[in-house]
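The values are calculated or read from the model by the stated rules, or taken from the named source; none is laboratory data. Small disclaimer: the values here were computed from a predicted structure and weren't measured. We place every Cβ from the backbone using ideal geometry, glycine too, and count neighbours over all the protein chains shown. What goes into the accessible areas is simple: the full protein's heavy atoms, side chains included, and nothing from ligands, DNA or RNA. Shrake-Rupley method; radii C 1.70, N 1.55, O 1.52, S 1.80 Å.
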Amino acid sequence: MTANAPRAVPVPAAPTRGDTRRRAPRLTTTSGVMTYILIALAVLLPVPYMLQLPGPVFNTLGDYQDKPMIDVSGAKTYPTSGRIDMLTVAVSGGPGRDTYASQALGALLHGKETVIPTEAYYPLDTTREDVTASNAVEMSSSQDVAVAAAMGQLDRPYKVHLLVGDVVPDSPPRRNCARAIGSFP
């Protein structure tokens, strides 16, 4: 054999039917199992997001649960007609209420709900009880502001009491309060 002569290269044998049949079911089974695992994770895996969507609309001039939405006592009232609607915003998720990956993905695809990070509303250590207490304070404060606005419109005197609910740790106001009263919780 000379140096310029072509060399014979062995050709790999064609796969037999037995080899092909063995690989295809394994691949199909593996991909099927992986698909089921991904679907299960999407359904069961909570994500740190909340969903905002339009809530119910209430006519503030009407009744809610068989009681007037607005009840005025101690002042002359006048009959009303028409509607003054109040639109609420419903929030799904947050501390103590999980939002799942499938819900967040569905909201992103449909566009009827807004997906927002939970941290945009609540610090990471917030509990469901903290949210409930905060909501009660906000509702009471809102009602007090509405009463003050009505009293001002009627030129009736009313008193305002300010209450500090919290002070940022290690801030100058906290240090000043601690010096003034001896301690600060």
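Of note:
- Label-point separation in nm, A136 to V160, each point 7 Å along Cα→Cβ: 2.6
- Largest first, the residues Y100, Y36, Y122, Y158 sort by 1.4 Å accessible area into Y36, Y158, Y100, Y122.
- In sequence order, calculated HN-Hα J values of the range 147-159 (Karplus, 6.51, -1.76, 1.60; Hz; x Gly/Pro): 5, 4, 5, 5, 5, x, 5, 8, 6, 9, x, 8, 9
- For H110, the accessible area of its heavy atoms, probed at 1.4 Å with every protein chain present, is near 140 square angstrom.
- Computed accessible area, K76, all protein chains, 1.4 angstrom probe, square angstrom: 150
- Accessible area of the range 55-185 belonging to carbon and sulfur atoms, whole % at 1.4 Å probe: 57
- If a spin label sat at a point 7 angstrom from the Cα of L87 along the line to its beta carbon, the backbone N atoms of the range 31-70 nearer than 18 Å would be those of 51-61.
- Which of G55, I116, V164, positive extreme of dipole for the range 50-165 (C-beta unit charges): G55
- Accessible surface for the range 50-180, divided over its residues, is 81 Å² per residue with a 1.4 Å probe.
- Accessible area of L109 (1.4 Å probe, protein heavy atoms only, ligands and nucleic acids ignored): about 140 Å².
- Straight-distance crosslink candidates among aspartates and glutamates, where the alpha carbon sits under 14 Å from K76 and sequence neighbours closer than 8 are dropped: D155
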